[in-house]
Amino acid sequence: MDLPKKEQEYLLNLSRKALEKIFETGKGLVVKDSDIPENLRQNRATFVTLTINGKLRGCIGKIYPVQEIYKDVVENTYSAAFDDPRFAQLTKEEFKKVKIEISILDKPKLLKYKNPDNLITKLRKEKPGVILRQNLYSATFLPQVWDELKTPQEFLSHLCLKAGLGINDWQKGNLEIETYNVLKFSE
């Protein structure tokens, strides 16, 4: 998806205003559909990532589209700030320092691979977002995680742990893998 800079800025402002409103009034932001640019009324999956001084402070999103982009961004903003189980709720003081990044996901596609080495080769080339699934266990990493976990082996090992699997379960070759790309933009 390509999104004009003006609409990217609109979503970033919407996300910030949603948090501002909660801290000022304790109530959620009310937005009229008629005020929203048409492009932002498409159903798409999004993630909202919050950082303070370059360190993760919350990241929540959806892998599959369930609602309009602007609604998904507002909902994921609240979730990243107040419901990410890895962090305490964002405070008003932290809000003043928080930076917002929004990712709009392409529809995930099943990645067919023959064996773990073939999987590594495919991931090394593209460095996409990855959804890893085995039975009821699943997890995803956005493409941005490649900046921290540089090798496909490290990336897959951490993703297995996030899913509640063993660190080397990706080497067994029995996982369902989907990949996706994102349009990301930040303040």
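Numbers for the structure displayed
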| item | result |
| --- | --- |
| Qualifying residue in region 45-56 (condition: surrounded by fewer than 21 Cβ atoms within 10 Å (Cβ to Cβ) and of a type in the set (A, V, I, L, M)) | yes |
| Candidate set: region 41-55, residues that are touching a residue at least 60 places away in the same chain (Cβ under 8 Å) and not small (Gly, Ala, Ser); chosen: the one farthest from PRO65 (Cα to Cα) | THR49 |
| Unmet criterion (only one of (1) out of contact with any helix residue (DSSP H, G or I) (no Cβ under 6 Å at 6 or more places or on another chain); (2) not in a helix (DSSP H, G or I)) for GLN153 | (2) |
| Condition met for GLN144 (crowded, with 16+ Cβ neighbours inside 10 Å and either at pLDDT below 95 or closer than 30 Å to LEU40 by Cα (or both)) | yes |
| Residue ID - farthest from LYS71 (Cα to Cα), chosen from residues in region 6-36 that are among the charged types (D, E, K, R), in a helix (DSSP H, G or I) and without any contact (Cβ under 8 Å) to a residue 40 or more places away in the chain | GLU24 |
| For VAL66: the one exception among (1) surrounded by 18 or more Cβ atoms within 10 Å (Cβ to Cβ); (2) hydrophobic (A, V, I, L, M, F, W, C); (3) touching a helix residue (DSSP H, G or I) at 6+ places or on another chain (Cβ under 9 Å) | (1) |
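The values are calculated or read from the model by the stated rules, or taken from the named source; none is laboratory data. Computed from a predicted structure; not experimentally measured. Positions of Cβ are generated from backbone atoms using ideal geometry, with glycine treated the same way; all protein chains shown enter the neighbour counts.
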